[in-house]
Amino acid sequence: MHSFEYSAPHSLSDAVSLLAQAEGNARPLAGGTDLIDQMQTGRFRPALVIDIKKLPELNVLEFDGDGLHLGAAVPCYRIYGEPRIVQEYSALADACHIIGGVQIQSRASVGGNLCNSGPAADSTPAMIALSAICVIAGPGETRQVPVEEFCTAPGENVLRRGEILAEILFPPRPANSGSHYRRFIPRNEMDIAVVGVGAFVELEDDGQTIKTARIGLGAVAPTPLLAEDLSASLSGKPATDSTFVSAGEAARQIITPITDMRGTAEYRKQITGVLVQRVLATATARARGEPSEYKPGK
Amino acid sequence: MAIADKPQYNVIGTRPIRHDGVDKVTGRAMYGADFRMAGLLHGVIVRSPYAHARIKRIDTAKAAALPGVRAVVTSDDLPQHGARQVDLGEGAVSMRHLAANVLTDDKVLYRGHAVAAVAADNVHIAEEAARLVKVEYEPLPPVLDVRAAMQPDAPILNDDVRTVFAGAPEVNADQPTNIAKHLLFEKGNPQEGFAGADLVFEREFDTTMVHQGYIEPHNATALWNADGKVTVWMSTQGSFTAREQTAELLRLPVSSVKVVPMEIGGGFGGKISVYLPPVAALLSRKSGRPVKVIMSRADVFEATGPTPGSHIRLKLGVTKDGKLNAAEAWVAFEAGAYPGSPVGMACMCVFACYDIPHARVEGFDVCVNKPRTNAYRAPGSTQVAFAIETVVDEICTELGVDPVELRLRNASRKGTQRVDGPTFARIGMEETVEAIKASSHYMSLAPQSRSPDKQCGRGVASGFWFNAGLKSSVTATVNADGTVSLIEGSTDIGGTRTSIAMQLAETLGITAEDVHPTVADTEGIGYTDVTGGSRVTFSTGIAAVRAAEDICSILADRAAALWDVPADQTKYENGGVTGPDGKRISFKELAGKLHLVGGPVTGSGISGEESQSGAFGTHCVDVEVDTETGKVQILRYTIAQDAGTAIHPSYVEGQMQGGVVQGIGWALNEEYWYDEQGMRNATFLDYRMPTCYDVPMIETIIVEVPASNHPYGVRGVGEVPICPPPAAIANAIYQATGVRMRQLPMSPPRLLAELLKS
């Protein structure tokens, strides 16, 4: 049986020093929905588990001039339960709605989802689309890293020894903008994304032309991707189905999916195109303030 | 809808609350994992990471030395069986194969194959010890595809397997092979039959291995007592077969083993073979303590008995006026590591729905490096129903005949002979088709597509299952308060405590609530076969009716004694005894006076029917296909099935709905996903059984064509509902998209690939 120490510090600085002292043999515990499973299966055998749920800095959910400050340990249910997030950062709310079931959503955090650094994490493409920034606390200076640069390989990220993801900062929502995240799964619930796509669309005042767009892609490469050139190329294009279809075609060219039990590489390429097209259409509808009904899974 | 004039019943056909309901909804029911006793140790099995390898060495020294470890066993601790063959109710099986599936000797034949086991003070120590057992393997090339395994140059799994020929001509009978059985059935003259057909369709089909997916993992606690007696507390579909298998594997007299069946969280055929009891017993013998072993979900997927994947070639000849004239099938089933797939039953089922004058079926039981397959709800029938029912649909399309009409034109009925010989008694195939034809679902407008990428269609398919008879025992005792205690040996999976109690109550003329059913262990009741083959409500029901009749006759005698009249002048009827001069005493009143006239009254009954007369069902489904992703949504589903007589209609409906849902899972997403080293999706997350979000309310139509060989006309209902769904859904997908799917599962990647081709 694997024994380990458990510590629940009450300040971020205590947590950081505990983590630094553990010399790489500690894991932070937020909701624990990944960590507990990984310890049970023996994938991680840390000597110290640091419970970070009690840190006030990691539980903030605040709006100010910089946008939305989201503590890394805030569970999904608080996120989709906040009307301003549903309204202004729809893609994030969409993702939190489909991560696990109600029990998981009441524990699991998007910070944890990001730090687990799985290629198929649902909230990551949504956060990429929303231009979110990771605020990382550590023994030295606090530093900021864009979400799309956070993950470096499956299960790996930019966090250095002693560092904790403290907060995720979402910039204020521009006028005439909307966002959406959806994934493809073979069932209607209870699945890991075969492909996940998040998109943000900002329209010109005419409501017909794309001003800016950002597309995040999940489960199609070793890390969640920002489709940077593709996103940039959409600026100035008409917000029409044919633009979205072409964007889907282009997205197929920039991904490097694998074949595994959740889907073949060939299929992931097909589905990425379809999802990019559908997600852009829904994000655009939301940018226009049109009602856009979407049932997760279908 | 009842076909014949149904007799008036008091209890049968009503919906009383199940006797085990309170315990189950409050969580008090005792399952195998709940079992505790003083001094209990926990066992863990060491399993193979390879699909095919030779074991060069097993070093258990480090594991045995770990503090808290009380016993370590390998196949050396199992008795030797040599070439011994034993009949355990399903024909002769090699004891060496059974034993090696429990703890293997020289080779591992699938990932998850049990190699050794440890018992320790707690499960954490046991897991640590299992990691310390060092097994040295020499990996061998695995063979995972049924047709590849049939090739002469394929890696051979078992040196001792020779083809058994049943009806088929012998070829290479003395060569080691993966083909464990070659069957052939023939009826009429197929060659002439095809010559007389106007259209001939020949198609090929593939299905993958799927699992029953019961929620409760296998478990067993065993105590090898100092007196040499072994007791096993476990989850099983049949305590007597578990006892027999355990005793044979340990080479003990059957009476030295007692099996206590705990509540069972689903079986569907997968909880008949024993995996854990002999191992737990060996660990108990070595440690002198009771040992409990519970499988993980991955163990359940990788190392129990899923149903085979298959390759099927099917040929149908039909005349211009839509009469099926000739049929031919070639069916190869994955047996898994050891022989014993249900390919024989598949061959008997494939054409059973139709009256076809000329037919020929060949079947092959083929070993591959996957877990040894086992029964799964109508074993073998779903695979072949997928093949025949989609070809029948193709014929309907080609000839422009309504699928319901073509089925009526060709339906099997009383007197139709199956390809393997037997002739049907009165059956309800036609009636289930008529029921679908008349259903509000089939009469409604076919669903309309919402948008170009969402195409809708409707499909129909039928299915057949034999239903088993087999042996059951029931005893029943009259209590002084006018109730009856009923003892049975059939473990209750689908509400059979109540369906058995209801038949006893009907016969005695009392209420279902006045019967208290108990499932006893192997020393508390006479021999009873498994809860399987859709047999319990039929066969244990017959035993219960006979036990009740026994009680009726004793009570008539007791009333005669009470009244002091000759015994031939009293008669048990309508819930009491009548005698001369208008004398009458109710069951309840007489029960209270039994201590005055002879004491306790106990009745017993046994049954042992060879077979039932067959179950049929016809299904109708509406689907919506996302033509850009290949994902299928089930919009509406209706099942019509012949239940003979529905004892408890809610449980009949529940069986019909449950079978359909499992069939939908098999049709759309469930599969063992393999690479060279074995199954890679051995979790409920990635094995993708349907959830409640994936299925609509399944509409049910109970058809009642009473069976002639049961006192109340019961036919088993548990299995046949799983047979038609894959074909019905495939036919609906064709109507929606114009694409014919001939591979299961019809998962989004497979369907999209076909859609992109068309």
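General remarks:
- For the range B:713-758, the Stokes-Einstein estimate of translational diffusion at 10 °C and a viscosity of 1.306 mPa s comes to 132 µm²/s, using the Kirkwood hydrodynamic radius over alpha-carbon pairs.
- Lys/Arg +1, Asp/Glu -1 at C-beta; the range B:265-332 dipole; positive extreme among B:Thr307, B:Val279, B:Ala329: B:Val279
- Between the range B:699-758 and the range A:21-89, the alpha-carbon centres lie 45 Å apart.
- Overall, chain B carries a charge dipole of about 1060 debye about its Cα centre when +1 sits on the Cβ of Lys and Arg and -1 on the Cβ of Asp and Glu, all other atoms neutral.
- Computed Kirkwood radius, in angstrom, where 1/r is averaged over Cα pairs of chain B: 27.3
- Counted charge near B:Ile702, where neighbours are those whose Cβ lies closer than 13 Å (Asp, Glu -1; Lys, Arg +1): -2
- Over 30 Å between alpha carbons, listed pairs B:Lys24/B:Lys454; B:Lys323/B:Lys437; B:Lys320/B:Lys454: B:Lys24/B:Lys454; B:Lys320/B:Lys454
- Between the range B:636-684 and the range B:94-127, the alpha-carbon center distance in angstrom: 30
- Accessible-area composition of the protein assembly as shown, carbon plus sulfur, in percent [1.4 Å probe]: 50
- Unit Cα scatterers, Debye sum, the range B:547-613: log10 I(q)/I(0) for q = 0.15, 0.18, 0.22 Å⁻¹: -0.47, -0.62, -0.85
- The residue among A:Ala15, B:Pro49, A:Phe244 whose Cα reaches farthest toward the positive pole of the charge dipole of the protein assembly as shown, with charges on the beta-carbon of Lys, Arg, Asp and Glu, is B:Pro49.
- Percent of Cα pairs in the range B:134-217 per distance bin of 5 Å, from zero to the largest separation: 3, 9, 13, 13, 15, 15, 14, 9, 5, 2, 1, 1, 0.
- Summing Lys and Arg as +1 and Asp and Glu as -1 over all other residues whose Cβ lies under 10 Å from the Cβ of B:Gln735 gives a net charge of -1.
- Relative contact order (percent, whole number), chain B, Cα cutoff 8 Å, 6+ residue spacing: 15
- Relative contact order %, the range A:102-236, counting alpha carbon pairs below 8 Å whose residues are six or more apart: 27
- What the pair-distance distribution of the range B:1-46 shows, using all Cα-Cα distances binned every 5 Å from zero, is 5, 12, 13, 12, 10, 11, 9, 8, 7, 5, 6, 3, 0 percent.
- Across the range A:238-246, computed HN-Hα scalar couplings (Karplus, 6.51 cos²θ - 1.76 cosθ + 1.60, θ = phi - 60°) run x, 7, 10, 4, 5, 4, 5, 5, 5 Hz from first to last residue, x flagging Gly and Pro.
- Distance from the C-alpha centroid of the range B:509-529 to that of the range B:237-315: 24 Å, rounded to the whole angstrom.
- Quarter of the Cα convex hull surface for the protein assembly as shown, i.e. its orientation-mean projected area (nm²): 47.1
- This model, with +1 at the C-beta of Lys and Arg and -1 at the C-beta of Asp and Glu, gives the protein assembly as shown a dipole about its Cα centre of some 920 debye.
- Using the Cβ of B:Met679 as centre and a radius below 15 Å, the other residues enclosed give a net charge of -2, where K and R count +1 and D and E count -1.
The values are calculated or read from the model by the stated rules, or taken from the named source; none is laboratory data. Keep in mind the model is a prediction, meaning the values are calculated, not measured. Reconstructed Cβ throughout: ideal geometry from the backbone, glycine too, with neighbour counts over all protein chains shown. Calculation scope for accessible area: heavy atoms of the full protein, side chains included, ligands and nucleic acids excluded. Shrake-Rupley method; radii C 1.70, N 1.55, O 1.52, S 1.80 Å.
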